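The values are calculated or read from the model by the stated rules, or taken from the named source; none is laboratory data. Keep in mind the model is a prediction, meaning the values are calculated, not measured. When we count neighbours, we look across all protein chains shown, and the Cβ atoms used for this are built from the backbone with ideal geometry, even at glycine. Calculation scope for accessible area: heavy atoms of the full protein, side chains included, ligands and nucleic acids excluded. Shrake-Rupley method; radii C 1.70, N 1.55, O 1.52, S 1.80 Å.
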Amino acid sequence: MVQAHIPMSKFLPSIGTRRGSFPSWPLIGAYALAVFTLTVACILLTRSANRLPPLWLPGAVITYCLLRTSRRNWPLALVVGGLAEALGHLAVGDKMPFAFLPAFDLLEAVIIAVPMRLLHLERDFVRPRSLLTFYAAGGLLAPITCGFLAAFFLNMTTGSEFLVNGFVFVGAKALAEALLTPLLMTVRWRALRDMFSRSQIVGTLLYLSIFVAIIVLEEVFVTYPFAFFFFPAAVLLTFQRGFAGGAIGTTIGGVYLLIPVLLGQGGGGFKEHTVAAQIEIVQAFAVVIGFSVLLVGAALDRRRNLERGLAEAHEAALVARDAAETASRAKSMFLANMSHELRTPLNAVIGFSELMHSELYGPLGNQRYRDYAGQIHEAGRHLLDLIGDILDMSKIEAGKYELVWEEVAIDVLAGDCMELMRDRAAKAGLTLASDFDGYQVVPADRRALKQILLNLLSNAVKFTEPGGGVTVRSEVGNGRLLLSVSDTGVGIPPEELARLGNPFVQLRSTAAVSQQGTGLGLALVRGLVEMHDGTMRIESEDGKGTTVSVEIPLRQGPARLAA
Ligand code: ADP
């Protein structure tokens, strides 16, 4: 057997290949620049708003970096991030103890990244388990620990107020982690690019024009808070363009509201608030939109994954079905060939044993030999019947059984079958009765109908104890032929009924009374009935008796008869 070797990396998410790419110099440069710029921007924002908790964004970028790069690169990521942030502090003229504050951001990133990476949650960030762990670590544990440690450090070095600083730091870190890290983890550059690809650009511009409309309304009707409409607009953009769309929507809303605040003009309806309060509102607004975008995006992502899984399962089921059909066809072909090959020598065994038994060419000399020849003949006939059943079954399964349509006088045929069984029924101490509704001719395959009736009759006789009775009914009308064989035998337990009709199924419950059999009788009946487009039904009461009925639609007409 040939086995294809598929490398394991094929099954890993694409992030597996990205991790290794961190140490390239342009990436390190971009990372350092992002941390430095955000540090400077956040400090200036804090100052312009006169000390309030802004989003402390550089920490979130360091966290993102640890989540994305391999653990081998963590020391480098921490050193570069820490240095870039310290330089940012120095660049805006912070004094020495403040330049040590980045150490607490590094600790924050490690506290978040370690559990996420240990549990491999960063690979699929939008799973509920990943999001919950991230918000527990990034929204609570890390900011509280590092925020108060930083406040304690400042209190020790500069004597500033511990509690006030502590709460400010915790809020700033938690808000930034809650907003920026999930955004960075979920938005793919490719998705951003695709939004403006030829197939999507018209739709994207249409959705973005909603933002323009909101901004125009906000500028024209200054006293009405049209900015609230950024919220549904961002959710809509997420629906249509995924996380990338949601991120753009959130950014447009946040930046639009923030710029006038920073320019000292105030935006829209909240002009009357202090600048500090306005920035707080914008931040809260951005966090709420960002979080909603994340949830909507996660739900969509989940649905897409489910759909993909479903499609893959469907595909696999089709492949499996094809394989099963091929195997079944091969089995049927094998059985058909084997049965054919067995029949030829068996006919010789049957024919010659019969000749010997009848002593046609002279006496055998010993009574025992005569008996043996008789038994060989009996056994040969039984084997031939069995092989015939197997051959028929495999032909039906392989779709090779061909019906010969002719007009069949059903009462004559049923009567013949009963005659054939009369001897066996008498030996078993059973009475045979019939209930036919007169002479009726139906289009059917005579051999198949005969086999159906004989199989049902032989089961009824086999599974009915002495003193019981077997009744054959036939009814033609309403466009169908109804044949049934009822007995007063051992019956079938209800839980076993459903199993019957499949090849080689024999019930344990009736094994004691069954002298012989292969479990092919009912399967053959069902197969032959279905070839006539009919149905087979088994009704039985445990210990009381069984009725097996078959219903065959009567589709008359030359086309059907010629088929
Ligand atoms: P076989 O008779 O060769 O075992 P069948 O397919 O004809 O195989 O029947 C399958 C099983 O269904 C039998 O072994 C028996 O357990 C049960 N069965 C069929 N017909 C009857 C009946 N009339 N009464 C009770 N059990 C029956």
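So here's what we get for this one:
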item	result
Fraction of antiparallel bridges per DSSP, the chain only, in percent to nearest 5	80 percent
Total formal charge among the other residues, if their Cβ is under 15 angstrom from that of residue 135, Lys/Arg +1 and Asp/Glu -1	0
Rounded percent of accessible protein surface that carbon and sulfur make up, the range 289-405, 1.4 Å probe	61 percent
Solvent-accessible area per residue, Å², over the chain with all protein chains present [probe radius 1.4 Å]	54 Å²
Protection-proxy order for peptides 476-488, 450-462, each taking the mean of Cβ atoms within 10 Å per residue, highest first	450-462, 476-488
Net dipole in debye of the chain [+1 Lys, Arg Cβ; -1 Asp, Glu Cβ; about Cα centre; nearest 20]	2280 debye
In nm, spacing of pseudo-spin labels at residue 228 and residue 274 (7 Å Cα→C-beta vector)	2.6 nm
At R0 = 41 Å, FRET efficiency that the Cβ-Cβ distance of residue 541 and residue 360 yields, to 0.05	0.20
Estimated [θ] at 222 nm from DSSP helical runs (n ≥ 4, -39500 (n - 2.57)) normalised by residues in the chain, nearest 500	-22000 deg cm²/dmol
Estimated FRET transfer efficiency when R0 is 41 angstrom, pair residue 495-residue 406 (beta carbons, to 0.05)	0.50
FRET efficiency, 1/(1 + (r/R0)^6) with R0 51 Å, evaluated for residue 314 and residue 192 via beta carbons	0.95
For the chain, the longest site-free run once chymotrypsin sites (Phe, Trp or Tyr not before Pro) in DSSP loop states with at most 14 other Cβ atoms within 10 Å are removed	1-195
Relative contact order [Cα under 8 Å, 6+ residues apart], the chain, whole percent	8 percent
Per residue Cα convex hull volume in Å³ - calculated over the chain	302 Å³
Net charge of neighbours whose Cβ lies under 10 Å from the Cβ of residue 503, counting Lys and Arg as +1 and Asp and Glu as -1	-1
Debye intensity ratio in log₁₀ form over the Cα atoms of the range 30-147, taken at each q of 0.09, 0.15, 0.20, 0.21 Å⁻¹	-0.24, -0.65, -1.07, -1.15
If the convex hull is drawn through the Cα atoms of the range 127-197, its volume per residue in Å³	94 Å³
Cα-only Debye scattering, the range 424-470: base-10 log of I(q)/I(0) at q = 0.17, 0.20, 0.24, 0.29 Å⁻¹	-0.60, -0.76, -0.90, -1.04
Linear extension gain, residue 47 paired with residue 129, 0.36 nm per residue minus alpha-carbon span	25.7 nm
Selected from 118, 324, 79, residue furthest toward positive end of dipole (the chain; charges at beta carbon)	79
